[in-house]
1. Scan M88, M125 and give me the residue that is buried (at least 21 other Cβ atoms within 10 Å of the Cβ), in the same structural domain as A189 (by TED's automatic domain parsing) and farther than 29 Å from L201 by Cα.
2. Residues to consider are N198, N231; find the one that is at pLDDT 95 or above and of a type outside the set (G, A, S).
3. Determine the pairs where a residue that is within 15 Å of N140 (Cα to Cα), located within the range 267-287, has a partner that is assigned to a strand (DSSP E or B) and among the aliphatic types (A, V, I, L, M) with Cβ atoms under 7 Å apart, the partner being 6 or more residues away or on another chain.
4. Picking from T78, T112, which residue would you name as being over 23 Å from N178 (Cα atoms) and modelled with pLDDT under 95?
5. Could you say which residue among A76, A65, A126 is out of contact with any Cys (no Cβ under 8 Å at 6 or more places or on another chain), among the aliphatic types (A, V, I, L, M) and under 21 Å from N146 (Cβ atoms)?
6. Go through the range 217-252 residue by residue and tally those that are surrounded by 13 or more Cβ atoms within 10 Å (Cβ to Cβ) and not in a helix (DSSP H, G or I).
7. Is there a residue being surrounded by fewer than 23 Cβ atoms within 10 Å (Cβ to Cβ), over 20 Å from V106 (Cα atoms) and of a type outside the set (S, T, N, Q) anywhere in the range 52-67?
Amino acid sequence: MSIRERLSGNEAIATAMRQVNPDVFAMFPITPSTEIPQYFAQYVADGKVDTEFICVESEHSSLSACLGAEAAGCRAVTATSSAGLSFMNEVLYVAASSRLPVVLAVACRALTGPININHDYSDSMAERDSGFIQIYAENNQEVYDNYLQAHRIAEHPDVRLPLMICEDGFITSHAIENIELEEDDKVKAFVGEYHPENYLLKEENPLAVGPYGISAYYMEARVAQAHAMMNAKQVILDVAADFEKTFGRKYGLIEEYKMEDAELAMVIMGSSAGTAKAAVDELRAQGVKAGLIKIRVFRPFPGEEIANALKNCKAVAIMDKSEGFSGCGGPLYAETSGACYNLKTRPLMVDIVFGLGGRDFTVESAKSVYDRLAKIAETGETGDIYTHMGQRER
């Protein structure tokens, strides 16, 4: 039976980690993810886990320690944010190319500069091509549920890739919400034990991890890695189906909110989706055919699913909570518009960069986006495709 509780997103992740009881947690603190290892350190001190808890000198070292543990056949975890994730950059690529299924909790936070400790996705989006699976949460319940599914996805023999569980810094990481926790024994049964096929300490099959990839082999390794990411899509769905059967809560690659007959739609991620849903509800009450797609899984990117959901819309706004500095839009817009390119009839699309560094996004803000979409649908003119919302004008 589910247990009613009130937890922050950080404590929800730490609780899920405790229930999984990983072999190794390598830790270096950074705001706003610091509470995750802080809570977990107390579990270690209280004897609630038998995890090897390692305090290291940097985020680069924390992920490096996790890689060593995974290569040796252990289940390893860590957490970080912002510049800490950027400092891990080199090791992120090593983890993915070495096919080591570390699970990394990321409390997403703006990158410098200027220095800012509040939320956007500039840190995780900067690592979107590192080879990590990326799963995002709207609220604390999803943070917890996503983590319970993470190890089974990452460790699946058809995948074997590292995975980021992303929450919104301070918005979900620190805010306390009602949440349903599952019993420890049921979580352990659902997640299962980690039994890697090959690892450094396996006497029967000695191997190297992270060898030099000469030209004759490098491309084959990369293609195998790419296929593993493709495989991850079905594994994510299979694990979600088992999660629903076991615990009753349903997840997919995306969430379609009132999209059945939507003419105006927004594509958005994370906690901002909850705000936008409230706007959709108000507009629906006024007879406006508004809808919303929430991206839960950004890697592998659910392009086919998004395109299918948007194919009958007239106008769509892609909401980027990070600046891509491409001169023509953010990363979510690039991926979504690319996914829709081959549709026989495409909706008119615009990209709106919003919420950078924690800038407010309100229900009225979301409604103003739909007002703009209504004008686009009526006139057939998009105006500037790449714009920013919420900044003070000169």
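The values are calculated or read from the model by the stated rules, or taken from the named source; none is laboratory data. Source: prediction; values computed, not measured. FYI the Cβ positions are ideal-geometry reconstructions off the backbone, even for glycines, and counts take in every protein chain you see.
1. On the way: M88 fails: farther than 29 Å from L201 by Cα.
Only one candidate qualifies: M125.
2. On the way: N198 fails: at pLDDT 95 or above.
When all the criteria are applied, what remains is N231.
3. From residues that are within 15 Å of N140 (Cα to Cα), the pairs are M269/I295; S272/M319; A273/L292.
4. Values: T78 fails: modelled with pLDDT under 95.
Just one listed residue meets the conditions, T112.
5. Numbers: A76 fails: out of contact with any Cys (no Cβ under 8 Å at 6 or more places or on another chain); A65 fails: under 21 Å from N146 (Cβ atoms).
After ruling out the rest, the residue left standing is A126.
6. 3
7. Yes, there is a match, as at least one residue in the range 52-67 is surrounded by fewer than 23 Cβ atoms within 10 Å (Cβ to Cβ), over 20 Å from V106 (Cα atoms) and of a type outside the set (S, T, N, Q).
Residue-by-condition table, conditions (1) touching an Asp or Glu at 6+ places or on another chain (Cβ under 6 Å); (2) of a type outside the set (G, A, S); (3) in the same structural domain as L111 (by TED's automatic domain parsing); (4) more than 19 Å from I268 (Cα to Cα):
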{"residue": "I318", "(1), (2), (3), (4)": "yes, yes, no, no"}
{"residue": "G327", "(1), (2), (3), (4)": "no, no, no, yes"}
{"residue": "E335", "(1), (2), (3), (4)": "no, yes, no, no"}
{"residue": "K344", "(1), (2), (3), (4)": "no, yes, no, yes"}
{"residue": "G358", "(1), (2), (3), (4)": "no, no, no, no"}
{"residue": "S365", "(1), (2), (3), (4)": "no, no, no, no"}
